[in-house]
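Engineer: Here it is, the structure in full.
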Amino acid sequence: MAVLTWIIGLGLAVVIGLLLLVRYRRLHGVRVITCPETEQPAAVWIRAWRAVITSIFGRPDFRLQDCSRWPERRDCGQACLSQIAAAPEECLIRTILTRWYAGRRCALCGKDLTETDWLHHRPAAMTAERVTFEWSEIAPEKILQALGSCFPVCWNCHIAEQFRRQFPDLITDRPWPPGTSHRAM
């Protein structure tokens, strides 16, 4: 009987641990909020584990861990936390980018970008000058601005364009035969 109690307790602990990890995954990450002082975008990081643990007992208690305006404004009132409390997942960068890619196609090859692989082959973007980049190369507080002036690009096209930029002497451009489309091949 003691072994059965021990197994049930262990199973319950594993289930609770998994639920906490799922909650952590949903709360962890960089967020872009509108700073109440400057009314400009700012990147913030919350104490995700604190929010997870306090959410067990009711509403999560959000506290900032870091902000793109710190250390200069470290003693601000943190009024931006109300934006996070109102919609904790809506201001996450991964949520913002996933919505931006939804229903869009790669500007270079036409591949549908609705289903994004954020772990292995993250989609990228391209400037009007045809320079591709990954989102990690942009300061988080500038991502919203970049979304308005960039085009979506799939991982494969980004890697190809990056190779083209780094090793132009190894690239030979051949025009498609007249009357054919490269998308049909």
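The values are calculated or read from the model by the stated rules, or taken from the named source; none is laboratory data. Here the structure is a predicted model, which is why all the values come from computation and not from measurement. As a convention, Cβ positions derive from the backbone with ideal geometry for all residues, glycine included, and neighbour counts pool all protein chains shown. We work out accessible area using only protein heavy atoms, side chains counted, and drop any ligands, DNA or RNA first. Shrake-Rupley method; radii C 1.70, N 1.55, O 1.52, S 1.80 Å.
Engineer: I'd like to compare 100-107, 29-36: which one has the highest average count of other Cβ atoms within 10 Å, and what's the full order after that? Please list the in-between numbers first.
Structural biologist: Values: 100-107: 16.0, 29-36: 18.8.
Sorting 100-107, 29-36 by mean packing, highest first, produces 29-36, 100-107.
Engineer: Sticking with this one: Given H placed on each backbone N at 1.01 Å, which residues far from K111 in sequence or on other chains put an amide H within less than 5 Å of it?
Structural biologist: Close amide H contacts, sequence-distant or interchain: C106.
Engineer: Of the labelled options (1) 17.4; (2) 10.8; (3) 13.3, which one gives mean projected area of the Cα convex hull in nm² as computed for this structure?
Structural biologist: Here the calculated entry is (1).
Engineer: For the chain, set up a GNM with springs between Cα atoms under 10 Å and report which of Q65, Q166, Q145 has the largest fluctuation.
Structural biologist: Per the Cα network of the chain with a 10 Å cutoff, Q166 tops the list.
Engineer: While we're looking at this one, here's another question. Where in segment 93-109 does the label zone of S136 land, with the point 7 angstrom along Cα→C-beta and an amide N cut-off under 13 Å?
Structural biologist: Once the point is set 7 Å along Cα→Cβ of S136, nothing inside segment 93-109 turns out to lie under 13 Å by backbone N.
Engineer: Can I ask one more? Over the chain, what is the relative contact order in percent, taking alpha-carbon pairs closer than 8 angstrom and at least six residues apart?
Structural biologist: Details: 211 pairs, mean separation 29.0, N = 185.
Relative contact order of the chain: 16 percent.
Engineer: Given the peptides 128-137, 37-46, arrange them by the average over their residues of other C-beta atoms within 10 Å, most packed first. Intermediate results must be reported in sequence, preceding the final value.
Structural biologist: Details: 128-137: 13.2, 37-46: 16.1.
Highest mean packing first, the order is 37-46, 128-137.
Engineer: Could you work out what % of the accessible surface of the chain is carbon and sulfur, using a 1.4 angstrom probe and leaving DNA, RNA and ligands out of the count?
Structural biologist: Details: 7220 of 12230 Å².
Exposed carbon and sulfur together represent 59 percent of the surface.
Engineer: Same structure, new question: Given a Förster radius of 35 Å and the C-beta distance between I7 and I56 as r, what FRET efficiency does 1/(1 + (r/R0)^6) yield to the nearest 0.05?
Structural biologist: Details: r = 23 Å, r/R0 = 0.67.
With a Förster radius of 35 Å, E is 0.90.
Engineer: What is the sum of charges, Lys and Arg at +1 and Asp and Glu at -1, for the other residues whose Cβ falls under 15 Å from the Cβ of Y101? Kindly include the intermediate steps, with their values, before the conclusion.
Structural biologist: Working: positive: R94, R99, R104, R105, K111, R122; negative: D112, E115, D117, E134.
Taking every Cβ under 15 Å from that of Y101, the sum is +2.
Engineer: Rounded to the nearest 500, what is the 222 nm mean residue ellipticity of the chain from helices alone, with -39500 (n - 2.57) per DSSP H run of 4+ residues and division by all residues?
Structural biologist: Rounded to the nearest 500, the figure is -11000 deg cm²/dmol.
Engineer: Which of these, D61, D75, D173, has the largest mean-square fluctuation under a Gaussian network model of the chain (Cα springs below 10 Å)?
Structural biologist: D173
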